[in-house]
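Right, one structure below, let's go through it.
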Amino acid sequence: MINGKTVLAIIPARGGSKGVPRKNIREVCGKPLIAWTVEVAQKSVYIDRLILSTEDDEIASVGRAYGCEVPFMRPKELAHDHTPGIDPVLHVLEIFDSYDYVVLLQPTSPFRNVSDIDGSIEKCLQSNAKSCVAMTLSDKTPYWMYFLDGNSRMKPVLRTEQTITRRQDAPNAYVINGAIYVAECRWLKSHQSFLSDETVAYIMPKERSLDIDSEIDFFIMEHVLKNRNKINW
């Protein structure tokens, strides 16, 4: 609870990952991937209830083993490849409709820490915003990005009067890192998206913004965890 407002946290984890099969329960340094998110969420001083949304019995069992509540199984129709990410969240809010704020914590962001979670919640309320999304500084400037037409000709994503040739001259650009989404529940149910013109950003450093989506990402995660004492973490 924060400022008298109740907070529900949701970890969404379906079983049908295509890029890396069964990635949500793949073991990394002695723990399944999902456990890294469960354990850090349990340390939050603001989260009143933490639940796992999954259609997969094995994922549900792993979640429970690490102390995460699984009050129901997600309907199969909300666990397809094409299912919008917001739909499982709205499904949970239909069942648990008494909370003021909801926090979405994807298990593919294992390096976020509790200060990131609680900081995002604080940022949302202190900014009097309807939603807050975690972002990180992009290592590629959109001023150097291009679309390609049918003849492989380059068309700039951003058109400017003056060509920017040095990265130092380009304004900072930020990307959503997928780690944390916070929103006021009633607003989210009516807006059906965490993103709006009024959404505020919570900035996370690059080293805590890894998004697990491929075998290379798992390799990076394991390498970092095994060498934390050697890395300026």
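The values are calculated or read from the model by the stated rules, or taken from the named source; none is laboratory data. Here the structure is a predicted model, which means the values were calculated and not measured. Methodologically, a virtual Cβ is constructed for each residue, glycine included, from the backbone with ideal geometry; neighbour enumeration extends over all protein chains shown. Only protein heavy atoms, including side chains, enter the accessible area calculation; ligands, DNA and RNA are left aside. Shrake-Rupley method; radii C 1.70, N 1.55, O 1.52, S 1.80 Å.
In table form, for the structure just shown:
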| item | result |
| --- | --- |
| Pick from the range 148-189, criterion open to solvent by 90 Å² or more (accessible area, probe 1.4 Å), within 27 Å of the chain's Cα centre (by Cα) and of a type outside the set (D, E, K, R), ranking: farthest from ASP100 (Cα to Cα) | ASN172 |
| Sole residue being buried (at least 20 other Cβ atoms within 10 Å of the Cβ), more than 27 Å from ARG186 (Cβ to Cβ) and in contact (Cβ under 8 Å) with a residue 12 or more places away in the chain, chosen from PRO107, PRO32 | PRO32 |
| Criterion: of a type in the set (D, E, K, R) and surrounded by 14 or more Cβ atoms within 10 Å (Cβ to Cβ) - qualifying residue of ASP87, ASP57, ASP97, ASP81 | ASP87 |
| Residue among LYS43, LYS76 that alone is at pLDDT 95 or above, over 13 Å from ILE10 (Cα atoms) and open to solvent by 30 Å² or more (accessible area, probe 1.4 Å) | LYS43 |
| Residues within the range 47-66 that are closer than 22 Å to ILE86 by Cβ and outside any strand (DSSP E or B), tallied | 8 |
| Leading residue by the ranking (farthest from VAL133 (Cα to Cα)) among those in the range 204-221 that are part of a helix (DSSP H, G or I), open to solvent by 90 Å² or more (accessible area, probe 1.4 Å) and in contact (Cβ under 8 Å) with a residue 60 or more places away in the chain | GLU215 |
